[in-house]
Amino acid sequence: MQGRLMAKRVSFFLPFLLLLGMAALWVTNCSGPRPVVSDPQVEAPTAPDKPYYVTVRVQNDSPGHGQVQLVFRLRDIHSGHVYQQSEQVTLRSGETAVVGVDISAPSGEYQPNVTASYPP
């Protein structure tokens, strides 16, 4: 008798548990891009009054697609002062893009850093 009662309870809750599990997998794997940034580069200005040009490679390591917010930063190696610029890019599943921005900063020695986030 106890076995039948337990079987009925399990069969009653099993569809709800399966639905909950499927929803969790969908949210985890299909809700948007998973951006990964690599290889930030900085190019010095071609003239004293021109901006620095910062590029980065961003890859979507997800089956989802969507818009990604990129924040480019130049940190002055000597003073620690940071200059930044934001950019948005739309990535499809598995897509890789090279994105670049101009950042106005005084002449100096800079280290680039770029972060990516979704949702933007």
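The values are calculated or read from the model by the stated rules, or taken from the named source; none is laboratory data. Just so you know, these numbers come straight off a predicted model, no measurement behind them. Note: ideal-geometry Cβ built from the backbone for every residue, glycine included; neighbour counts use all protein chains shown. Quick note on the areas: whole protein, heavy atoms, side chains included, nothing else; ligands and nucleic acids left out. Shrake-Rupley method; radii C 1.70, N 1.55, O 1.52, S 1.80 Å.
Table for the structure above
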| item | result |
| --- | --- |
| Neighbour-limited loop hits for trypsin sites (Lys or Arg not before Pro), the range 42-120 (at most 14 other Cβ within 10 Å; DSSP other than H, G, I, E, B) | Arg92 |
| Inter-site label distance for Ala44 and Ser93 at 7 Å from Cα along Cβ, in nm | 4.6 |
| Residue-level accessible surface for His78, protein heavy atoms, 1.4 Å, Å² | 150 |
| Projected label distance in nm at Gln67 and Gln111, using a 7 Å step from Cα toward the beta-carbon | 3.2 |
| Calculated over the range 33-113: convex hull of Cα atoms, volume per residue (Å³) | 75 |
| Those GluC sites (Glu not before Pro) in the range 25-120 that DSSP places in a loop and that have at most 16 other beta carbons within 10 Å | Glu95, Glu109 |
| Portion, in percent, of the accessible area of the range 55-120 that falls on carbon or sulfur, probe 1.4 Å | 43 |
